[in-house]
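Working notes, structure below.
The values are calculated or read from the model by the stated rules, or taken from the named source; none is laboratory data. Not measured: the values here are computed from a predicted model. Every residue, glycine among them, receives a Cβ derived from its backbone with ideal geometry; neighbour counts consider all protein chains shown.
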Amino acid sequence: MKESLLAYLCCPTCAGELELQATQRHADGVLNGALRCLLCSQSYPIRAGVPRFADLAADDQQRETAENFGAQWLEFDHVAQHHAQQFLDWIAPVTPDFVRGKVVLEGGCGKGRHTRLIGEWSAQAIIGVDLSQAVEAAYRNTQDLPNVHIIQADIYRLPLKQCFDYAFSVGVLHHLPNPRAGFASLAKHLKPGGAISAWVYGRENNGWIVHFINPLREKLTSKLPMRMLYLLSYLPTALLWLMLKLVYLPLSQTAAKQFLFYGDYLSYIAPFPFREIHNIVHDHLTAPVAFYISRTEFAEWFADAQAEQVEIHWHNSNSWRGLGVLRKTVQTEKAEASHAR
């Protein structure tokens with residue numbers, strides 16, 4: 001843990017200030033220790049460089065999701081070159097220039113591949129939050145960047161102040177027990193005028209997944225041991241990879257693409273390497289829960305957060321990406337006007 005993270009943290013129980021108690025340090029900051037609340041005296045451990053605020057014993061469904069995805073991201077912990085463009089596609093119209101100098105919150109950082117990109121794009125600070133043990137992969141992938149911080153916490157109970165300029169979540173909210181509440185929690189930690197974006201599975205065009213893949217995943221594959229699922233997922237991965245390389249990739253730039261099943265999405269992932277396709281297949285089979293969000297419901301999330309200038313776009317004909325800016329308070333507008341004078 002880098003000591004500069006302390007400025008953004010507060011006690012998730014009472015919102016009190018936290019005191020750092022380091023027992024072991026290393027070149028990048030505090031390796032082991034604790035954070036103690038000065039108001040309620042609650043203590044939160046720091047292990048392997050990561051502050052741990054999560055209580056996985058409190059919710060069976062969240063614990064199962066965290067365990068499955070944590071195991072997945074520790075296995076698929078690589079960061080590849082194509083991930084940068086993929087991330088930009090998910091958060092468009094946000095660009096690297098947009099995050100420059102901003103304090104950024106990521107809801108569900110997984111192995112830290114997006115967290116690292118935000119740090120490299122010169123954000124003032126980026127705090128990546130995840131409930132699972134994937135924080136250990138995220139820490140390894142980002143610890144060399146002074147503006148990047150990783151914490152293990154529940155998205156519904158974030159140990160963070162209302163101090164963020166931008167918050168985002170990519171591919172995470174639809175795996176929460178209550179996706180809308182997860183989005184609202186991120187928005188709650190934004191300053192007035194802050195921006196929020198998210199990418200979620202779409203309900204439209206995904207009926208075949210909802211009715212066939214979802215029951216298989218819920219009843220069988222998400223309950224398999226990690227190693228067994230990892231090995232079993234090789235077969236569908238190999239079949240999909242061959243189809244992508246032999247059919248979708250050659251036809252991806254032709255008019256014939258429109259006649260292919262799931263053409264926009266499968267053509268999009270067709271250039272990806274085998275390991276990334278394996279990761280995608282595994283991802284769809286490991287989650288205990290997955291919601292598919294309609295455009296109408298997605299728009300309601302932004303409306304509930306009192307967001308303005310909302311943009312919602314269809315992505316690869318199977319998912320939604322959205323961006324909104326929280327309404328400024330009268331006090332904020334007056335302060336900005338005074339500063340401008």
- Give the range 134-159 a look and list any residue that's touching a Gly at 6+ places or on another chain (Cβ under 6 Å) and either surrounded by fewer than 21 Cβ atoms within 10 Å (Cβ to Cβ) or part of a helix (DSSP H, G or I) (or both), or say none. Ala138, Tyr139, Asn141, Thr142, Leu145, Asn147
- Item | Which listed residue, of Leu160, Leu216, Leu176, is over 18 Å from Glu311 (Cα atoms), outside the structural domain of Ile118 (by TED's automatic domain parsing) and hydrophobic (A, V, I, L, M, F, W, C) | Leu216
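Each row is one residue, and each column tells you yes or no for (1) touching a Gly at 6+ places or on another chain (Cβ under 6 Å); (2) surrounded by 16 or more Cβ atoms within 10 Å (Cβ to Cβ); (3) modelled with pLDDT under 95; (4) hydrophobic (A, V, I, L, M, F, W, C).
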residue: Lys161; (1), (2), (3), (4): no, no, no, no
residue: Ser233; (1), (2), (3), (4): no, yes, yes, no
residue: Thr237; (1), (2), (3), (4): no, yes, no, no
residue: Thr254; (1), (2), (3), (4): no, no, yes, no
residue: Gln258; (1), (2), (3), (4): no, no, yes, no
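Matching residues to (1) hydroxyl-bearing (Ser, Thr, Tyr); (2) in the same structural domain as Ala125 (by TED's automatic domain parsing); (3) surrounded by 13 or more Cβ atoms within 10 Å (Cβ to Cβ):
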position: Ser185; (1), (2), (3): yes, yes, yes
position: Gly194; (1), (2), (3): no, yes, yes
position: His211; (1), (2), (3): no, no, no
position: Leu220; (1), (2), (3): no, no, no
position: Leu229; (1), (2), (3): no, no, yes
position: Leu242; (1), (2), (3): no, no, no
position: Leu249; (1), (2), (3): no, no, yes
position: Phe261; (1), (2), (3): no, no, no
position: Pro271; (1), (2), (3): no, no, yes
- What do you reckon, is Tyr201 in contact with a helix residue (DSSP H, G or I) (Cβ under 9 Å, 6 or more places away or on another chain) and either under 19 Å from Ser319 (Cα atoms) or at pLDDT below 95 (or both)? yes
- Please note which helices (runs of 4 or more DSSP H) are completely contained in the range 168-268 and include at least 1 residues that are touching a residue at least 40 places away in the same chain (Cβ under 8 Å) and within 30 Å of Ala7 (Cβ to Cβ). 179-188
- Taking the range 111-132 and keeping residues part of a strand (DSSP E or B) and either surrounded by fewer than 19 Cβ atoms within 10 Å (Cβ to Cβ) or within 15 Å of the chain's Cα centre (by Cα) (or both) leaves Ile126, Ile127, Gly128, Val129, Asp130
- In the range 109-159, what residues are touching a residue at least 40 places away in the same chain (Cβ under 8 Å) and on the phi > 0 side of the Ramachandran plot? Gly110
- Message: Looking only at the range 192-203, count every residue that is more than 16 Å from the chain's Cα centre (by Cα) and under 18 Å from Val310 (Cβ atoms) and tell me the total.
- Response: 4
- Determine which single condition Ser267 fails, assuming it passes every other condition in (1) surrounded by 20 or more Cβ atoms within 10 Å (Cβ to Cβ); (2) assigned by TED's automatic domain parsing to the domain that holds His82. (2)
